[in-house]
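Undergrad: Below is one structure. I have some questions about it.
The values are calculated or read from the model by the stated rules, or taken from the named source; none is laboratory data. These figures come from a predicted structure and were not determined experimentally. So basically every Cβ, Gly included, is an ideal-geometry build from the backbone, and we count neighbours across all protein chains shown.
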Amino acid sequence: MRTGKIKRIESSLVLILLAFCLVDLGAMSRVKWESGNPKEIPEARPADFYSLKSVLEIQGIVKEIEVEVQPHDRYKTRYLLLKTDDGQSIEVRLAPIWFLEMQGHKIQIGDQILVKGSVIKKDKKSLLIASTVLRNAETLTLRDDEGIPVWRAWR
């Protein structure tokens, strides 16, 4: 009789411990989600994040410079329209304006640049998310080797 009662208590304790573990795992996944670190949750990456699978270099002349506020971000971001050597045009996303200003790197219309980055599709058009920009022997580094923005450490 006493053995049955002990087994029920042990079973109840196991269930309680299991419930705590599940709650703890749920809290951990929420923390990762709220941190927004795409390295921690690759399946949660929006379609317009940097992809290591599509990295390439494109050379061309800057035709336009624009500023846009991203829906998922509160910073104004600088974009370029780059006309490549073969006559095609591609939009290039650089970085938040505050970061570019702190770097002191001025890209102007007419500049010949070499951009390394990840090409993605956005609104059925190609967009190059820049990781480095080479202009007049100066290199502007925007993302690390994993594609993570270097300005994140500056927040």
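Undergrad: In this structure, is residue 128 outside any strand (DSSP E or B) and buried (at least 19 other Cβ atoms within 10 Å of the Cβ)?
TA: Details: outside any strand (DSSP E or B): no; buried (at least 19 other Cβ atoms within 10 Å of the Cβ): yes.
No; evaluated as a whole, the condition is false for this residue.
Undergrad: Do we have any residue at all in the range 136-144 that's in contact with a Phe, Trp or Tyr (Cβ under 7 Å, 6 or more places away or on another chain) and in a loop (DSSP other than H, G, I, E, B)?
TA: No, the conditions are met nowhere in the range 136-144.
Undergrad: Turning to a different aspect of this structure: Check 110, 104 and return the single one that is touching a strand residue (DSSP E or B) at 6+ places or on another chain (Cβ under 8 Å), on the phi > 0 side of the Ramachandran plot and surrounded by fewer than 16 Cβ atoms within 10 Å (Cβ to Cβ).
TA: None of the other options fit; the residue is 110.
Undergrad: Give all pairs with beta carbons closer than 7 Å in which a residue from the range 99-122 that is not assigned by TED's automatic domain parsing to the domain that holds residue 83 meets a residue that is surrounded by 15 or more Cβ atoms within 10 Å (Cβ to Cβ) and among the β-branched types (Val, Ile, Thr); count only pairs at least 6 apart in sequence or on separate chains.
TA: Final answer for the pair search is none.
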